[in-house]
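Please read the structure below before turning to the comments.
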Number of protein chains: 2
Amino acid sequence: MTRVATTLKDVAKLVGIHPATVSRALNPRTSHLVNPATVARVRKAAASLNYVPNPMASGLRTARSHTIGVVIPDLTNPLFPGMVRGIQDTLARAGYTPLLVNTDNDPEVEAHVVASLRARRVDGFILATARRDHPFLLELSEKFPVVLINRVTESGQFPSVTTDEMHGIRLAVDHLVGLGHRAIAHIGGPAWSSTGHERAQAFSRAMKSHGLSTARRMAAVDAWSVESARETARALLVAQPAITAIVAANDLLALGAMSAGRSLKLRCPRALSVTGYNDMPFMDIVDPPLTTVRVPQHDIGAEAARLLLSLLRDDAQSPVKHVRLTPELIERGSTAPPLRGD
Amino acid sequence: MTRVATTLKDVAKLVGIHPATVSRALNPRTSHLVNPATVARVRKAAASLNYVPNPMASGLRTARSHTIGVVIPDLTNPLFPGMVRGIQDTLARAGYTPLLVNTDNDPEVEAHVVASLRARRVDGFILATARRDHPFLLELSEKFPVVLINRVTESGQFPSVTTDEMHGIRLAVDHLVGLGHRAIAHIGGPAWSSTGHERAQAFSRAMKSHGLSTARRMAAVDAWSVESARETARALLVAQPAITAIVAANDLLALGAMSAGRSLKLRCPRALSVTGYNDMPFMDIVDPPLTTVRVPQHDIGAEAARLLLSLLRDDAQSPVKHVRLTPELIERGSTAPPLRGD
DNA sequence: CCGTTTTTGGCAATCGATTGCAACCGGACA
DNA sequence: TGTCCGGTTGCAATCGATTGCCAAAAACGG
């Protein structure tokens with residue numbers, strides 16, 4: 001425990017030069033200021049001493065922690081680990097480390113964890129917790145580079161990486177219509193969430209383009225949960241027995257809808273077809289395997305990280321960038337032609 | 001962008017005292033050295049200025065980053081997010097931040113990410129990647145507090161938090177025997193993993209205690225994956241058609257076993273009962289719902305964090321502590337009495 | 001061969017908080 | 001009245017890396 005780690009000074013002593021020169025030699029951005037031969041000697045000495053720069057020291061001096069706050073609702077929601085991996089992998093390659101926090105979808109918790117990330121002096125934020133109308137996001141984005149993923153705000157004034165909801169929902173509707181369904185319902189996500197909102201809009205447009213009615217066939221849940229969807233779907237199916245198919249705003253809601261159908265003796269897919277959204281892990285082995293819209297989770301995270309890194313690089317306010325990735329339909333067992341043509 | 005954040009000096013100026021005194025006043029460990037009245041004034045001033053200490057500065061001085069390296073195989077494996085949440089929640093309350101990395105079960109990647117965590121000057125490690133015989137763990141644990149979760153090493157010389165595998169597997173075996181099964185097989189985990197090893201051992205002991213044979217009824221996979229289990233289980237079922245039940249070493253392997261059974265026209269649970277281990281999310285909605293041994297994921301993480309924090313506190317080498325949590329059996333639809341009594 | 005430009009590298013200040021040491025204060029005690 | 005003491009607070013060094021500024025050295029031009 002005499003000496004914990006070797007420092008710049010140790011390397012300098014070994015090479016016989018000043019620590020400042022070592023610093024310059026080791027930093028790619030400044031190494032052109034020092035004689036290539038010296039750089040080589042420094043590199044060798046640093047390697048031989050196992051020198052690793054102390055990020056707290058450099059961070060103190062440069063006021064950059066090389067750390068990114070990543071705020072997600074809940075890591076145990078299988079939608080997010082893939083995105084987090086995408087973020088981690090991309091940030092790591094650029095020398096940044098993500099600091100991960102959960103909010104449990106509670107705005108108060110969110111305010112708290114964001115504050116603690118600021119206390120940690122993160123250099124930027126990736127947020128998966130945007131609400132359509134977000135309280136402190138504006139203030140945050142004035143002080144830090146911010147990228148939203150998955151969800152966005154109403155105003156669209158922040159850089160974001162999302163999927164093309166319109167396209168995804170259209171794929172699901174087209175698929176069901178192609179199977180012969182006409183009476184198709186939508187179980188929408190919470191109204192405060194952009195994904196819920198946009199998918200509902202996308203649903204009614206897609207239906208309209210097929211000349212189909214959505215009257216009394218659209219409902220929204222309070223929370224992205226199986227239970228919430230079960231109740232909502234049950235009420236809808238009871239009120240509208242003609243419904244033969246449900247487009248759910250995400251996989252959890254689809255599971256809830258299937259469960260509601262089961263409780264009403266509507267077996268899926270014979271009596272009721274259901275589609276999900278996201279294609280979370282294991283959706284291929286539930287009963288029945290879920291037809292769903294797959295979003296490229298890893299890519300969303302990776303794109304978001306790239307976007308944030310570019311914001312970090314050119315401080316210049318380039319125009320706000322929105323990246324939209326394209327989802328694809330995964331056809332499985334939860335959809336089939338309706339029992340009787342309508 | 002004139003002034004990024006307020007510092008100790010700002011607070012000191014406002015109160016009219018020396019920064020050192022402010023530091024002492026704000027630090028609970030040293031505030032007894034300062035006049036209570038002064039402490040109060042300092043607190044008020046700090047609050048009014050929104051003062052937040054700079055962790056890089058204090059970290060530089062104290063050589064502690066208040067940061068913990070958390071090394072897991074793969075965040076997208078649903079077993080881990082729960083543990084990570086447990087770790088995060090507990091560490092956060094103590095003012096520590098986890099730095100999360102994945103290894104994809106690759107020892108080389110692990111060496112690399114551990115090195116990068118050391119570069120970040122983490123104060124300790126929580127590792128979910130132990131192999132029975134682990135290369136650099138000893139060296140690491142000499143320099144840092146280390147706690148293992150989920151898996152342990154052969155030698156058992158490192159603090160750890162695990163579940164009682166013996167008990168968990170016994171629950172599964174007892175359950176199947178109680179249903180009337182006699183020809184019970186085991187699909188074991190990879191041999192390099194302590195969980196795989198211990199569960200296999202537990203299985204043969206539990207069977208023995210019932211007076212049942214395990215001869216030619218135990219196999220092990222190469223990797224914790226559905227595919228690997230599918231092949232292994234299929235071979236086993238073909239070679240030993242008398243088998244009526246399978247105890248899998250984890251849920252993924254159980255899913256693989258069920259899939260293998262299906263491909264051999266052995267419907268689960270009528271012709272083949274299967275149990276899993278871990279009770280990952282969604283195991284209640286797969287087809288059929290999986291009977292499995294639930295491990296308290298959040299608690300494992302929380303216990304590990306607590307254990308590490310206590311190691312961080314008393315540097316004194318207290319005896320190596322092993323925490324064992326008790327799993328419970330969750331009975332669902334994948335197990336039933338055998339078709340014909342054996 | 002001398003004056004000038006360009007390289008190269010040293011010096012020292014700086015980032016913000018912590019902490020050993022010393023100084024100061026008022027009061028107690030002899 | 002002088003000494004001592006405990007309680008407070010200030011001073012200054014320190015952690016390790018970065019960087020503006022300047023000086024020495026080298027290269028260059030005429």
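The values are calculated or read from the model by the stated rules, or taken from the named source; none is laboratory data. Just so you know, these numbers come straight off a predicted model, no measurement behind them. Glycine also receives a Cβ, built like all others from the backbone with ideal geometry; neighbour counts cover every protein chain displayed. With ligands, DNA and RNA removed, areas are computed over all heavy atoms of the protein, side chains included. Shrake-Rupley method; radii C 1.70, N 1.55, O 1.52, S 1.80 Å.
Give the range B:222-236 a look and list any residue that's open to solvent by 10 Å² or more (accessible area, probe 1.4 Å) and under 24 Å from A:PHE282 (Cβ atoms), or say none. If the condition is that a residue be open to solvent by 10 Å² or more (accessible area, probe 1.4 Å) and under 24 Å from A:PHE282 (Cβ atoms), then B:ASP222, B:ALA223, B:TRP224, B:SER225, B:VAL226, B:GLU227, B:SER228, B:ARG230, B:GLU231, B:THR232, B:ARG234, B:LEU236 are the ones that fit.
When the range B:237-289 is filtered for residues that are assigned to a loop (DSSP other than H, G, I, E, B), within 12 Å of another protein chain (Cβ to nearest Cβ) and open to solvent by 10 Å² or more (accessible area, probe 1.4 Å), the ones remaining, listed by number, are B:CYS268, B:PRO281, B:PHE282, B:ASP284, B:ILE285, B:ASP287, B:PRO288, B:PRO289. Scanning the range B:2-34 for residues that are open to solvent by 90 Å² or more (accessible area, probe 1.4 Å), part of a loop (DSSP other than H, G, I, E, B) and either under 26 Å from A:THR62 (Cα atoms) or within 10 Å of DNA strand D (Cβ to nearest atom) (or both) yields B:THR2, B:ARG3, B:VAL4, B:HIS18.
Residues checked against (1) farther than 25 Å from B:VAL84 by Cα; (2) at pLDDT below 95:
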{"site": "B:MET218", "(1), (2)": "yes, no"}
{"site": "B:ARG267", "(1), (2)": "yes, yes"}
{"site": "B:LEU272", "(1), (2)": "yes, no"}
{"site": "B:ASP299", "(1), (2)": "no, no"}
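Within the range A:35-45, the set of residues being under 30 Å from B:ASP123 (Cα atoms) and either small (Gly, Ala, Ser) or within 13 Å of DNA strand D (Cβ to nearest atom) (or both) comprises A:VAL42, A:ALA45. Check the range B:53-62 and report whether any residue there is touching a Lys or Arg at 6+ places or on another chain (Cβ under 6 Å) and in contact (Cβ under 8 Å) with a residue 60 or more places away in the chain. Scanning the range B:53-62 turns up no residue that is touching a Lys or Arg at 6+ places or on another chain (Cβ under 6 Å) and in contact (Cβ under 8 Å) with a residue 60 or more places away in the chain. Here B:ARG64 meets the list (1) within 27 Å of A:ASP123 (Cβ to Cβ); (2) within 16 Å of DNA strand D (Cβ to nearest atom); (3) surrounded by 15 or more Cβ atoms within 10 Å (Cβ to Cβ); (4) more than 10 Å from chain A (Cβ to nearest Cβ) almost entirely, failing just condition (4). Considering (1) among the small types (Gly, Ala, Ser); (2) near DNA strand D (Cβ under 7 Å from one of its atoms); (3) in the same structural domain as A:ASN105 (by TED's automatic domain parsing), the lone condition that A:GLY69 does not fulfil carries the number (2). Against the conditions (1) without any contact (Cβ under 8 Å) to a residue 24 or more places away in the chain; (2) open to solvent by 60 Å² or more (accessible area, probe 1.4 Å), A:ASN50 satisfies every one except (1). Tell me, please, whether a residue that is among the small types (Gly, Ala, Ser), at pLDDT 95 or above and away from DNA strand C (no atom under 15 Å from the Cβ) can be found in the range A:62-69. Looking for residues that are among the small types (Gly, Ala, Ser), at pLDDT 95 or above and away from DNA strand C (no atom under 15 Å from the Cβ), one finds at least one in the range A:62-69, hence yes. Residue check: B:ALA235 meets all listed conditions (1) of a type in the set (Gly, Ala, Ser); (2) touching a residue at least 40 places away in the same chain (Cβ under 8 Å); (3) under 16 Å from B:GLY188 (Cα atoms) but one, namely (2). The set of residues from the range B:84-116 being in a helix (DSSP H, G or I) and either in contact with a Lys or Arg (Cβ under 8 Å, 6 or more places away or on another chain) or more than 10 Å from chain A (Cβ to nearest Cβ) (or both) comprises B:GLY86, B:ILE87, B:THR90, B:LEU91, B:ARG93, B:PRO107, B:GLU108, B:VAL109, B:GLU110, B:ALA111, B:VAL114. Selection of the range B:1-32 for residues being without any contact (Cβ under 8 Å) to a residue 24 or more places away in the chain, away from chain A (no Cβ under 13 Å) and within 8 Å of DNA strand C (Cβ to nearest atom) yields B:LYS9, B:HIS18, B:PRO19, B:ALA20, B:THR21, B:SER23, B:ARG24, B:ASN27, B:ARG29, B:THR30. For the range A:37-61, enumerate the residues that are of a type outside the set (A, V, I, L, M) and more than 7 Å from DNA strand C (Cβ to nearest atom). If the condition is that a residue be of a type outside the set (A, V, I, L, M) and more than 7 Å from DNA strand C (Cβ to nearest atom), then A:ARG41, A:ARG43, A:LYS44, A:SER48, A:ASN50, A:TYR51, A:PRO53, A:ASN54, A:PRO55, A:SER58, A:GLY59 are the ones that fit.
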